[in-house]
Amino acid sequence: MSELNKIVLKILSNGKGILAADESNGTMTKRLDSVNVPSSPENRLLFRETLFSSDGMKEFIGGVILYDETINQTSNSKKTIPELISTSGAVPGIKVDTGAKVLAGSTKEKITEGLDGLRERLQRYHKLGARFTKWRGVYNISDKYPSKLSLHSNAHVLARYSALVQECGMVPIVEPEVLMDGDHSAETCFNKTSEVIKKCFEELMIHKIDLSGIILKPNMILPGTNSNKKISSEEIAKLTLRCLKENVPSDVPGIAFLSGGQTEIEATKNLNLINKYNDTNFIMTYSYGRALQQSALKFWSKNIQDIQGTQKVFNHRANMCTLAAQGKWSEELEKK
Ligand code: 13P
């Protein structure tokens, strides 16, 4: 077993998942504005540190994705943030892309940037304790999109990023996110997501990526947010599994879904069914941002001093997601 594969298994085994706490300062400011908390470096640290020092970290969370600001911060207990995460048994990770910008040549689409100087930044993050990384490519759906240009260029940069990350001894999370915005059907999402994932693996193979040392972070197959053709969670789970079975090489050890705007309960229920029906060798777990943090953030914003209360809310959510990653979640357990 390679060192990279060992890191993947440490992060994803036994129903553990990933806490995506890598919101950029811009995105975190939007999240904090929505609950009327001023977005200062201190408040961003306080909320995140509250989650990272909760009991739930030990049992449920195998890895945490950080943002550059956070990986450089020191907790109240005087530990650095990567030390705090490692103490709980989880692996510190870091978002290394610098965001999605307008794609020249197809200006309604985006290309993710961040390759310049990446080798040096990776070495610095490795020294700070990071052992895995994230890069998010983003695709929107319409009859014309994603265009050939977007499919090609995003897959290409995801592969170049992955090669540099593995060279530095870390595991790349490969995140091609097909957005939920739009009125498209689940079938369209299935077809477009299949094309996106297929293209990503073509490029990863050209760039000689060790597939046993990556984590794929895809969207689930869902109808667009404004679609009037809703489908059941069972159908979502079956379509998602079929898409992954048809397009992900079997060498990939683990798949960790993004929540992408689903509610906490939707993201949990769908993951649970995916695991109930999972007849592949892929570990299927979560790498949730909003679907792990929303309730905790809401609670905390009203009781900023109540660290234990906030941790209780977070622990419950992480517990439910981990049960779902084992196909053992139920609505009754949710209500307890
Ligand atoms: P969400 O689960 O909120 O979609 O965030 C996951 C993530 O890391 C997006 O890049």
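Values in this text are rule-based calculations from the coordinates and carry no lab data. None of the values given here were measured: they were computed from a predicted structure. Positions of Cβ are backbone-derived with ideal geometry, glycine not excepted, and every protein chain shown enters the neighbour counts.
Overview of values
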| read-out | value |
| --- | --- |
| Where labels lie 7 Å past Cα in the beta-carbon direction, separation of residue 68 and residue 3 in nm | 2.6 nm |
| Volume in Å³ per residue [convex hull over Cα atoms, computed for the chain] | 128 Å³ |
| Peptides ranked, highest mean first, by Cβ atoms within 10 Å: ranges 224-230, 282-288 | 282-288, 224-230 |
| 21 Å Cα-Cα threshold exceeded, pairs from 144/198; 198/245; 238/335; 269/335 | 238/335 |
| Test item: Cα-centred dipole of segment 87-187, Lys/Arg +1 and Asp/Glu -1 on Cβ, debye | 480 debye |
| Karplus 3J(HN,Hα) series, Hz, for segment 99-112 with 6.51 cos²θ - 1.76 cosθ + 1.60 (x for Gly, Pro) | x, 8, 10, 4, 7, 4, x, 7, 6, 8, 10, 10, 10, 8 |
| Computed lengthening from residue 43 to residue 208, 0.36 nm per intervening residue step minus Cα-Cα distance | 55.2 nm |
| Per-residue [θ]222 nm for the chain (sum of -39500 (n - 2.57) over DSSP H runs n ≥ 4, rounded to 500) | -15000 deg cm²/dmol |
| Charge dipole magnitude, Cβ of K and R +1, D and E -1 - the chain, Cα centre, debye nearest 20 | 280 debye |
| Kirkwood hydrodynamic radius (C-alpha pairs) into Stokes-Einstein, segment 127-257, 4 °C and 1.567 mPa s, D in µm²/s | 86 µm²/s |
| Peptide ranges 17-26, 93-102 listed from the most packed, as the mean C-beta count within 10 angstrom indicates | 17-26, 93-102 |
| Neighbourhood charge, 14 Å Cβ-Cβ cut-off, centred on residue 266 and excluding it, Lys, Arg +1 and Asp, Glu -1 | -1 |
| Contour excess over end-to-end distance, with Cα ends at residue 126 and residue 191 and 0.36 nm allotted per residue | 19.7 nm |
| At R0 = 45 Å, FRET efficiency that the Cβ-Cβ distance of residue 303 and residue 183 yields, to 0.05 | 0.70 |
